[in-house]
Amino acid sequence: MPLKRIYRGADEPHDGLAELPAPPPWRAFDGGPALEPPDGPADPGTASAGHRAGTFRPTPETVELVNAALYLRRPLLVTGPPGSGKSSLPYAVARELGLGPVLRWNVTSRSTLRDGLYQYDPLSRLYAANQAGPDAQGAGLDEHLRLGPLGTALLPYSRPRVLLIDEIDKGDLDLPNDLLHVLEDGQYEIDELVRAAPQQPDAQVLTADGRGRAPIRGGRVRCRSFPFTVLTSNAEREFPAAFLRRCVVLELRRPEGAELEDIVKAHLPGSDAELVDEILRVFLSRREDGELATDQLLNAIYLTSRPELTEAADRAALAAQVMPYLSRGQDDDVF
């Protein structure tokens, strides 16, 4: 029997969180004082605002596991091939449930846990102190701290924020284990503020979303509503068992015929059906010999549907050119 759907996957905004029951006792958090989360679209300030959220097409399994993560207050680890919609998922959830701007942390090979939690610039503080004196405005610690996406998501908001930790498998081998403890406990410390607490017990620290400052007492942050956290992975490496058992795991598969058609209609409404069928056949034929991503199909359809850009006779050839293989099969010697 499927779970009751807080997230429905229908791209119809609603206050489903009003029906969210209390968390399991081992996932209850009591951070405070409660903060009101910022309003606004899931993807503010970009040319694609709202597009990725409105065009995501979840499978029934995706809807089920998103709801499981919401009920359990657990991170959702999403794996799958490129172009399967891993990074679009949190935007769709944020849009439907009205959870405000998505906090995004793009992981690189140099990323550390502290990068996600906060950044501190000691040189700027030293410069400010030398310029104006140690007691002058601007020399305080909070003027030289900024919370990262993870650190902001774990503030004691009255409603959960949405956090995307993108491509976690690109990070250092220790990053999943480091994340494990913070996401399990729902809290962290800002070392510089903890040391300064006797002289400066209260601080106002900039948040990652640029929506102002958050109050922090004693250098310690504990969440109130556990953030809906999506970690994406291209399955480039295995994760520790201790990390996996603390996540809800969703494996997205590559979309097939009818699903691809729905995705094209969502992204490129009004496209000529004959053209879509033609380019889709090219895409599926080429995908038999190597890995292709769905956004490559969308690029090909967009270009070939513009008569000012290409001749009708050249559509299939152009489509093949803009869809290079991401990985090769044994018999593929094209790239």
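Looking across LEU35, LEU65, LEU17, one residue alone is closer than 23 Å to ILE168 by Cβ and at pLDDT 80 or above. It is LEU65.
Counting the residues of the stretch 76-101 that are in a loop (DSSP other than H, G, I, E, B), in contact (Cβ under 8 Å) with a residue 40 or more places away in the chain and within 23 Å of ALA235 (Cα to Cα) gives 8.
The single residue among GLU192, GLU236, GLU278 that is touching a residue at least 24 places away in the same chain (Cβ under 8 Å), under 25 Å from VAL107 (Cβ atoms) and in a helix (DSSP H, G or I) turns out to be GLU192. Scanning the stretch 243-262 for residues that are open to solvent by less than 40 Å² (accessible area, probe 1.4 Å) and either at pLDDT 90 or above or not in a helix (DSSP H, G or I) (or both) turns up PHE243, CYS247, VAL248, LEU250, LEU252, PRO255. In the stretch 297-326, the qualifying residues are those that are at pLDDT 75 or above and either in contact with a Gly (Cβ under 7 Å, 6 or more places away or on another chain) or assigned to a loop (DSSP other than H, G, I, E, B) (or both), and the one that is least open to solvent (accessible area, probe 1.4 Å) is MET323.
Annotation: ALA266 fulfils all but one of (1) assigned by the TED database to the domain that holds ALA69; (2) at pLDDT below 95; the unmet one is (1). When you scan the stretch 113-120, do you find a residue that is farther than 18 Å from LEU252 by Cβ, among the polar types (S, T, N, Q) and without any contact (Cβ under 8 Å) to a residue 40 or more places away in the chain, even just one? Yes, because at least one residue in the stretch 113-120 is farther than 18 Å from LEU252 by Cβ, among the polar types (S, T, N, Q) and without any contact (Cβ under 8 Å) to a residue 40 or more places away in the chain.
The values are calculated or read from the model by the stated rules, or taken from the named source; none is laboratory data. Computed from a predicted model, the values in this text were never measured in an experiment. Note that each Cβ is placed from the backbone with ideal geometry, even for glycine, and that neighbours are counted across all protein chains shown. Just so you know, the surface numbers come from the protein's heavy atoms only, side chains and all, with ligands and any DNA or RNA stripped out. Shrake-Rupley method; radii C 1.70, N 1.55, O 1.52, S 1.80 Å.
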